[in-house]
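What follows is one structure encoded as structure tokens, with my remarks underneath.
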Amino acid sequence: MKFFIDTANLAQIQEANDLGILDGVTTNPTLMAKEGIRGTEAIMAHYKTICEIVDGPVSAEVLGTTFAEIVEEGKKLAAIHENIVVKVPMIKDGIKAIKWFTDNGIKTNCTLVFSAGQAILAAKAGATFVSPFIGRIDDGNWDGVQLIEQIVNIYNSQGFMTEVLAASIRTPLHIVRCAEAGADVCTCPLSSILGLLKHPLTDLGLEQFLKDAKAMQ
Ligand code: E4P
């Protein structure tokens, strides 16, 4: 399973990249706005900087909602860097645009996916990635990981090449359960990635080893 970081914060992207386990980045308008990025030029420059830090797919989301707007914006985003993946919302014009990008060699990430039916449409249009939002599904008292399992099974049995990118990850356990469910990619906040490191027996064991190591000196 590939690890993407789900943020537009450059320090966090750098920290995750320095771990040596980072395969890519996802952003969305909320994450970009949180970093205080305003205006087309600043948005484009920020994506370029992210691409210079991480050698892997970087999802940049379109802001338009009509076919013409999405295609126009997506072409500009894709021109920033070869690793840019155009992130497109799961709407009718979004699906049409994903098909257009597929036919024109531009990679896409179909976002805001909450059902298997939506994931089938994204795959039919040729999306590179599909992003089911598992945390938001859990928030509504459903099981987001079950949706990952369902989409993975459908894609495997139908031979769809679209990669299942588990998004809206909230906890380290989400990452483990997505790996079990067969997700191709997990996009996570830095806190969830670092949370995977933690176990009290590791801390206790290391404390003892360091104490014993001192006794040997
Ligand atoms: C990533 O592609 C999504 O935009 C993101 O994971 C959404 O996460 P949230 O539900 O925590 O906002």
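Only residues that are acidic (Asp, Glu) and more than 20 Å from Asn17 (Cα to Cα): list them for the stretch 51-102, please. Those that are acidic (Asp, Glu) and more than 20 Å from Asn17 (Cα to Cα): Glu61, Glu69, Glu72, Glu73, Asp93. Among the candidates Leu201, Leu173, which residue alone is surrounded by 13 or more Cβ atoms within 10 Å (Cβ to Cβ) and either modelled with pLDDT under 95 or more than 14 Å from the ligand (Cβ to nearest atom) (or both)? Checking each option against the conditions leaves just Leu173. Restricting attention to the stretch 119-165, the residues that are hydroxyl-bearing (Ser, Thr, Tyr) and touching a helix residue (DSSP H, G or I) at 6+ places or on another chain (Cβ under 6 Å) add up to 1. Across the stretch 102-158, the qualifying residues are those that are assigned to a loop (DSSP other than H, G, I, E, B) and among the aromatic types (Phe, Trp, Tyr), and the one among them that is farthest from Asn28 (Cα to Cα) is Trp142.
The number of residues in the stretch 111-145 being within 15 Å of the ligand (Cβ to nearest atom) and basic (Lys, Arg) comes to 1.
Regarding Thr102, is this residue more than 16 Å from the ligand (Cβ to nearest atom) and on the phi < 0 side of the Ramachandran plot? So Thr102 fits the description; yes. The test for being under 15 Å from the mean Cα position of the chain (by Cα) and over 15 Å from Met1 (Cα atoms) holds for Gly135. For Ser59, the conditions (1) out of contact with any Phe, Trp or Tyr (no Cβ under 9 Å at 6 or more places or on another chain); (2) under 22 Å from Ala127 (Cα atoms); (3) in contact (Cβ under 8 Å) with a residue 40 or more places away in the chain are fulfilled apart from (1). Inspection of the stretch 87-101 identifies no residue that is closer than 23 Å to Glu52 by Cα and part of a loop (DSSP other than H, G, I, E, B). Restricting attention to the stretch 63-86 and to residues that are touching a strand residue (DSSP E or B) at 6+ places or on another chain (Cβ under 9 Å) and assigned to a helix (DSSP H, G or I), the residue that is surrounded by the fewest Cβ atoms within 10 Å (Cβ to Cβ) turns out to be Lys75. On the given criteria, is Ile148 within 14 Å of the ligand (Cβ to nearest atom), crowded, with 19+ Cβ neighbours inside 10 Å, more than 30 Å from Asp103 (Cα to Cα) and touching a residue at least 12 places away in the same chain (Cβ under 8 Å)? No: the conditions fail for Ile148. When Ala213 is tested against the conditions (1) among the hydrophobic types (A, V, I, L, M, F, W, C); (2) closer than 23 Å to Pro57 by Cβ; (3) away from the ligand (no atom under 16 Å from the Cβ), the lone failure is (2).
Restricting Leu31, Leu63, Leu19 to those that are under 29 Å from Glu149 (Cα atoms), over 17 Å from the mean Cα position of the chain (by Cα) and of a type in the set (A, V, I, L, M) reduces the list to Leu19.
Of all residues in the stretch 1-57, those that are more than 15 Å from the ligand (Cβ to nearest atom) and either farther than 15 Å from Val185 by Cβ or basic (Lys, Arg) (or both) total 25. If you go through the stretch 169-199 and keep only what is assigned to a helix (DSSP H, G or I), farther than 20 Å from Asp18 by Cβ and of a type in the set (Gly, Ala, Ser), you end up with Ala179, Ala181.
The values are calculated or read from the model by the stated rules, or taken from the named source; none is laboratory data. What you see is a predicted model, and the numbers here were worked out from it, not measured in a lab. Quick reminder, even Gly has a Cβ in these numbers, built from the backbone with ideal geometry, and neighbours come from all protein chains shown.
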